[in-house]
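Data first, discussion second: the structure below is written as structure tokens.
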């Protein structure tokens, strides 16, 4: 019995030992499973982080990025592609669909859309050629013209087998428009350069900063007619400069390299016309990183120079005439001065003759016995004589042109101190008429209504 119990005990001990081992293994496996789960969670977190980073990078890229399977259905698309080409709000909604699907969806909504078929064709080309390629794809997206610079390449698995395509596209619509505008501008400029008649346009390059090493970049065809230029000859032999202008032209060229501007006129021999002509050259030097460029125009200035010469000759003629007129004016001034002197001398002579040859006899006649009529005539004669020689008469005649002859006579007698009755008797008019003349004289002299004595004012006039 004890032996059996022992065996049982031994067997029990053995069974207990196997169970403990089993439990330990289970616990160990549970621990490993936990670690594996933690590792999976960690890897999943790392994967999620990497995916989010990749998605964030792709969605924040300005270019369109995508991946497609062998049936040209999207496996991946970034936000730029969805919003600007596929017109889809969610990047996840793109997966499993192709470009034709989105094109037909846009057209079913009444939009003008032609881009889908273009993308499908380039995808097939890349899969056939099995290499990265570059395309320019364009079309309408919701009625707006869009041009993409597209790079596409095969999508390979771990074994190098093609499982689809990957690509990226950049919107170059604006650049393409600028290129077209530039192309049109170049054509217009070229047409302008080729059709100019009255002037020629040129562009030169100064190589290696040496002023003598010049390369002709462009010159318009009109240069042949304007200057007879042989384009096969080097620039230094284009013009046969007049000997009198060579030194000045050389100095102007050297100064132009310093100031970067050139504006000079010189004579040259025109081989086609066999004559010396004037040429005007206007240019500007542009400094580059290594070389300098000269842009400019030139034109025939012969007619202008002839006009200038004619104008200079005319100016000289006018100056000569002006000098002659000045001399004539000087001579006239001398003659006028001499005439005034002669007039004054004549007036003084007449005045002296009246005083010495006529006035003494008038005085003697007053002393003789005469009746009233004779005395009146004598006084009139004396008054008229005074009027002739009186400076007041000349003053009133010249300075106050509105005075009548009778007003001058009355003013002269008033200045002599004669009363109204005496003036009336001498002139044979009424006293009221004399008063009327006195009134009009005051009005013409500008002293009407003023407390100014008429005789005193007349005495003040010299």
Which length gain, in nm to one decimal place, applies between residue 237 and residue 112 when the Cα-Cα distance is subtracted from 0.36 nm times their residue separation?
38.8 nm
Considering the zone a paramagnetic label at residue 84 would reach in this model (a point 7 Å from Cα along the Cα-to-Cβ line), which residues of region 120-152 have amide N under 14 Å from it?
137-139, 141, 145-151
Quick one: plug the Kirkwood hydrodynamic radius of region 185-266 (C-alpha pairs) into Stokes-Einstein at 20 °C, 1.002 mPa s, and report D in µm²/s.
150 µm²/s
Two decimals is fine: what is log10 I(q)/I(0) at q = 0.26, 0.27 Å⁻¹ for region 330-389, from a Debye sum with one equal scatterer on every Cα and no solvent?
-1.02, -1.06
How high is the FRET efficiency between residue 35 and residue 70 when r is their beta carbon distance and R₀ equals 60 Å, given to the nearest 0.05?
0.90
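Could you order the peptides 38-48, 166-176, 240-250 from most to least packed, using the average number of other C-beta atoms within 10 Å per residue? Don't skip to the end; give the middle numbers.
On the way: 38-48: 10.2, 166-176: 16.8, 240-250: 13.2.
Ranked from most to least packed, the peptides come out as 166-176, 240-250, 38-48.
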Relative contact order, percent, of the chain when contacts are C-alpha pairs under 8 Å separated by at least 6 residues?
7 percent
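Go through 376-382, 314-320, 130-136 and give me the packing order, highest mean Cβ count within 10 Å leading. Don't skip to the end; give the middle numbers.
Numbers: 376-382: 15.0, 314-320: 10.0, 130-136: 12.9.
With the highest mean Cβ count within 10 Å placed first, the list reads 376-382, 130-136, 314-320.
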Would you mind pulling out the separation of the Cα centroids of region 306-351 and region 108-167, in Å?
96 Å
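Based solely on its DSSP helices, what 222 nm [θ] is calculated for the chain when runs of n ≥ 4 H residues each add -39,500 (n - 2.57) and the sum is averaged over all residues, nearest 500 deg cm²/dmol?
On the way: 14 runs with 255 residues, N = 462.
Computed mean residue ellipticity for the chain: -18500 deg cm²/dmol.
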Given [x] 3, 10, 10, 6, 6, 8, 7, 7, 7, 7, 6, 6, 5, 4, 2, 1, 1, 1, 1, 1, 0, 0, 0; [y] 4, 18, 23, 20, 16, 11, 6, 2, 0; [z] 4, 20, 27, 24, 16, 7, 1, 0 as possible values of P(r) over Cα pairs in 10 Å bins from 0, in percent, the one from the coordinates is [x]
Rounded to one decimal in nm, the spacing of the 7 Å Cα→Cβ label points at residue 340 and residue 317 is 3.6 nm
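A short reminder: the numbers here are calculations on the coordinates, not readings from a lab. Computed from a predicted model, the values in this text were never measured in an experiment. Backbone-built Cβ (ideal geometry, glycine too); neighbour counts: all protein chains shown.
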